[in-house]
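Reviewing the structure listed below.
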Amino acid sequence: MLAATTEHGICAVALGDDPAMVIADLSRAFSDATLDPEERPLNDWIDALLDYLRGERTNLDLPLDVAATPFQREVWNALRAIPYGETQTYQQVAQRIGRPHATRAVARACASNPVALIVPCHRVVRADGASGGYRWGVERKRALIAHEAAHIKLCAS
């Protein structure tokens, strides 16, 4: 996991198996950025993300600074409202935002999400229950869904 930030909030959270590749991808997206692993606000935000990954936190209400169309923002806000440990279909998200015929557009908005975990596009699945696509890999999406489901069960017991 690699995060990028501005003075206003998190602008990217990327996931990947190869750290060098994740860094290279973010470097291309943010060519004027500097790498500063000691910046304190980012460390607080990283701590929140790590707490989520450890199952110690279910809400990632962190400040964002991402470029988005109004439609993408609307979809991403709807995704942030999906409860931890639950999934919804692309169709349900489209209906929730009042655009029941925009299922494919919802899927595109999910695919363009630059802040993994914070905007939980991993919680959106196909109508047939299959996981669908995921910018950071379908296996990772399945693992995140399973991770949340397991921690919900642990919290309930």
Roughly what % antiparallel, to the nearest 5, for the DSSP beta bridges in the chain? 50
In terms of modelled amide H atoms, which long-range or inter-chain residues lie less than 5 Å from the amide H of A12? A4
Check: the chain dipole with +1 on Lys, Arg Cβ and -1 on Asp, Glu Cβ, in debye: 960
The chain: radius of gyration over Cα atoms, expressed as a fraction of 2.2 N^0.38 Å: 1.03
Rg over Rh [alpha-carbon atoms, Kirkwood Rh] for region 70-156: 0.95
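Here, each number is a calculation from the coordinates, and none is a lab measurement. Small disclaimer: the values here were computed from a predicted structure and weren't measured. Every residue, glycine among them, receives a Cβ derived from its backbone with ideal geometry; neighbour counts consider all protein chains shown.
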